[in-house]
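Okay, structure first, notes after.
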Amino acid sequence: MCGRYAITLPPEAMRATFGYGEQPNFPPRYNVAPTQPVPVVLAQAGARHFLLMRWGFIPGWVRDAKDFPLVINIRSESAAEKPSFRNALTRRRCLLPADAFYEWRRSGTGKPARSEAFLFRRPDRGFFAFAALWETWSSPDGAEIDTVAMMTGPANGTMAPIHHRCPIILDPDDHDAWLDPQATAQQISPLLRPPPDDLFEAVAIGDAVNKVANDGPEVQRALAELPQPEAPDEPKRHARKATRRPADDGQGSLF
């Protein structure tokens, strides 16, 4: 499950890549986390637009968002059958731009299990887009919140050693088809496939990304570049004082 990602390239570069009309200005984000506002690209009135939405999908039928689990990932295999996502898959598809994401490899049987963080990014460090679904949720008092979640599928060869699931990364040639409001769920189904194995490189990183408050370049530093803790010094052994051998009393001893 992808629970963190990054958008660190300049706003102008993202606008040129995804072709929306707005000109937003936003700082680099190295550790985007659930419930935070995230950039979304969608198609309306024949053009692409940039919006901010809450990362955490809330279906329109939910009465109290506090009683609904936080949904940041949606399984592509079952979205068309689930009442929570069926309508969004048909009518409210969008792109979730990023230039990196993170995943953790769990290992060990102890409690807590050991986890190792990995950074996934394109070798050329360029943008890509998660396939995502959005929904506007209205609270009982009339307030509206635009919400979004990315879609996931089986892991590709690069991701499989780390995690069994992988975000759906759309081929740029498929962006228009994914955003097309006239396309049916059956027509866009072939787009929901694992990314090519060579699309990303996986880099082992330190544990700074585990803390949401850490949102700078340091969270992406490769583990091999981080200072390693020094091995503890061996405790000094003190020589024991020699003691005078007792006189032989004629009895044998086993000790």
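The values are calculated or read from the model by the stated rules, or taken from the named source; none is laboratory data. What you see is a predicted model; the values in this text were computed from it and never measured. Every residue, glycine among them, receives a Cβ derived from its backbone with ideal geometry; neighbour counts consider all protein chains shown. Heavy atoms of the whole protein, side chains included, go into the accessibility calculation; ligands, DNA and RNA do not. Shrake-Rupley method; radii C 1.70, N 1.55, O 1.52, S 1.80 Å.
Here are the numbers for the structure shown:
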{"item": "Dipole magnitude of the stretch 1-155, debye to nearest 20 (Cβ charges: Lys/Arg +1, Asp/Glu -1, about Cα centre)", "result": "460 debye"}
{"item": "Near-label residues of the stretch 116-130 by backbone N, under 18 Å of a point 7 Å along Cα→Cβ of ASP198", "result": "121-126"}
{"item": "Helix-only [θ]222 nm of the chain, DSSP H runs n ≥ 4, -39500 (n - 2.57) each, per residue, nearest 500", "result": "-2000 deg cm²/dmol"}
{"item": "Potential extension, ARG75-ARG106 segment - 0.36 nm per residue separation minus Cα distance", "result": "9.1 nm"}
{"item": "ASP171/ASP124 FRET efficiency (R0 22 Å; Cβ-Cβ; nearest 0.05)", "result": "0.90"}
{"item": "Where a label projected 7 Å from the Cα of LYS82 along Cα→Cβ would reach, residues of the stretch 130-159 with amide N under 14 Å", "result": "132-135, 148-154"}
{"item": "Approximate spin-label separation ASP141-ARG114, in nm, with each point projected 7 Å along Cα-to-Cβ", "result": "4.8 nm"}
{"item": "Per residue value of the accessible surface for the chain (all protein chains in place, 1.4 Å probe), Å²", "result": "60 Å²"}
{"item": "Linear extension gain, ASP64 paired with ALA222, 0.36 nm per residue minus alpha-carbon span", "result": "52.7 nm"}
{"item": "Label selected from (1) 229; (2) 110; (3) 149, the criterion being volume of the Cα convex hull per residue in Å³ as computed here", "result": "(1)"}
{"item": "Residue of ARG106, ARG48, ARG29 that the Gaussian network model of the chain assigns the largest fluctuation, springs spanning Cα pairs under 10 Å", "result": "ARG106"}
{"item": "Accessible-area composition of the chain, carbon plus sulfur, in percent [1.4 Å probe]", "result": "52 percent"}
{"item": "Relative contact order computed over the stretch 1-122 (Cα-Cα under 8 Å; 6+ residues apart), in percent", "result": "26 percent"}
